[in-house]
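Only one structure is covered here, and it is reproduced in the block below.
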Amino acid sequence: MFNAAETIDALYKEQASRLLAVLVRIFGSRNFDLAEDVLQEAFRKALVTWNEQGIPENPAAWLMTAARNQAIDVIRTQRNQKKFADDLAKHLESDWTLPYAVAQEFDETKIKDDQLRMIFMCTSADITPENRIPLILRSLCGLSVPAIARALFLSEATVKKRLLRTRERLVGHAFVFPPVDVLPQSMDSVHTVLYLLFNEGFHRSDGLAAMDLSLCLEAIHLVNVLAAEPRVANADTLGLLALMHFHLARAATRVDAQGFNVPIDLQDRSRWDRERIGIGFDLVRLFPTLPVGASGRYVLEAMIAALHCQAAAFAQTDWPAIVVLYDQLVKLTGSPIAGLNRAVAIAYAGDVPQAIENVLALRQHEVVKGSHLPSAILAHLHAKLGDEQQARRYAEESTRLGGTPHEQRIMLAQVERLLSDQS
């Protein structure tokens, strides 16, 4: 049987982001801190009351009522000092209309709309990546400060400072749906930020752990919110969701018992999550039913991931088809990272010298110049050719240039294995 504290913890994860979205809608983005204070006070009252009187039959409804009443009280006491949402201002100024106006905003349909507005605001605002991810986890996913600190390997004090700086940047940002004429571009920005959140969990940027699936699941949850809304979802939304499912399907085999990365050619495909792969393929089949996105990159990336998941063994991967998809992706995005991946696909399709030539040209691109990635790929490709001297030279160069311990370990292990296969 759950006690009050356990129930509150579960409810915070489920309801905090929804209630915060409504409160930001009512108070306006300029009063983000006030919205958070009201939210915290509602949860505090719940903890005190439920400890004394027991947990109510419908805790979520009780909490929503508490947040609504707290919002009304705050508006009554502070409306002469603060300016709230512009379009609600005249309804919030009068005690006759205030309770009804606030109650209307807590309607379930409006809560869903506010969640979408919150996603647009938190992902399109002028915020640095290091500050954006804590904001998303706090405001859109309902994670507590301690939970965010654990997920990102940061101190709670650092998380609080980043959240404070981010809230200050949100002042003045519109809490609205993007206009129809810019919606595709806005969605593209949202997709990119949510994919960064997913990758923060799937490919840890701190080098302290191989994966944190909780961050991946939070990203999938947010993309599901977008995919379920016909007004905003496009083919790239489904592409991103499919891509996440394809990646996550391999999670159980992507790290070994010591927590180190396992390359895709050594992963035990019998342990891949067939249910997630099936979800991914279902989403791929739905691509033609939705409007195209602004970039189209996630549709192509999902189709590439689908080909990897479709192959019963690494040797059976349809590399020529993957090269064709990468041709389209490079043409579409101009991304040197996509170009590097295309070079690897060309090598496994049978033309290693051409792949090496492509990487040598790409390493001069300003985005990857000085990065360890081109050198790591060149080490891999020369090892695949059996050129030990060049493979070791580029491996040493890659290690010197950077990369996490996990990335360096997997690169060196692959080079040794490929050289051994050629001997």
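Some points to look at:
- Some residue of region 38-60 being open to solvent by less than 60 Å² (accessible area, probe 1.4 Å), within 31 Å of the chain's Cα centre (by Cα) and free of Cβ contacts under 8 Å to residues at least 24 places away in the same chain: no
- Condition met for Arg250 (among the charged types (D, E, K, R), at pLDDT 90 or above and within 21 Å of Gln185 (Cβ to Cβ)): no
- Failed item, numbered, when Val292 is tested on (1) surrounded by fewer than 19 Cβ atoms within 10 Å (Cβ to Cβ); (2) in a helix (DSSP H, G or I); (3) β-branched (Val, Ile, Thr): (2)
- Taking each residue of region 395-415 that is touching a residue at least 40 places away in the same chain (Cβ under 8 Å) and crowded, with 17+ Cβ neighbours inside 10 Å and looking for partners that are among the charged types (D, E, K, R) and part of a helix (DSSP H, G or I) with beta-carbon atoms closer than 9 Å, six or more apart or interchain, yields Gln414/Asp265.
- Hey, Gly142 crowded, with 19+ Cβ neighbours inside 10 Å, on the phi > 0 side of the Ramachandran plot and under 15 Å from the mean Cα position of the chain (by Cα) or not: yes
- Within this structure, His221 fails the test of being surrounded by 20 or more Cβ atoms within 10 Å (Cβ to Cβ) and within 26 Å of Lys112 (Cβ to Cβ).
- Filtering Asp87, Asp73, Asp95 for residues that are open to solvent by 50 Å² or more (accessible area, probe 1.4 Å), within 30 Å of Arg165 (Cβ to Cβ) and at pLDDT below 90 leaves a single hit, Asp87.
- Qualifying residues in region 195-211 (those that are crowded, with 16+ Cβ neighbours inside 10 Å and at pLDDT below 65) - the one farthest from Arg297 (Cα to Cα): Ala210
- Within the option set Leu283, Leu300, Leu362, Leu325, being touching a residue at least 24 places away in the same chain (Cβ under 8 Å) and either farther than 22 Å from His247 by Cα or surrounded by fewer than 19 Cβ atoms within 10 Å (Cβ to Cβ) (or both) holds for one residue only, Leu362.
- Any hit, region 374-384, residues being surrounded by 15 or more Cβ atoms within 10 Å (Cβ to Cβ), touching a Leu at 6+ places or on another chain (Cβ under 8 Å) and over 22 Å from Arg417 (Cα atoms): no
- Qualifying residue in region 129-137 (condition: touching a residue at least 60 places away in the same chain (Cβ under 8 Å) and either assigned to a loop (DSSP other than H, G, I, E, B) or under 17 Å from Arg25 (Cβ atoms) (or both)): no
- Those residues of region 239-261 which are open to solvent by 20 Å² or more (accessible area, probe 1.4 Å), at negative phi and either among the acidic types (Asp, Glu) or touching a residue at least 12 places away in the same chain (Cβ under 8 Å) (or both), in sequence order: His247, Arg250, Ala252, Val255, Asp256, Phe260, Asn261
The values are calculated or read from the model by the stated rules, or taken from the named source; none is laboratory data. Keep in mind it's a predicted model, so treat the numbers as computed, not measured. Cβ: placed from backbone, ideal geometry, glycine included. Neighbour counts: every protein chain shown. Side chains are part of the model used for accessible areas, which takes the heavy atoms of the whole protein and leaves out ligands, DNA and RNA. Shrake-Rupley method; radii C 1.70, N 1.55, O 1.52, S 1.80 Å.
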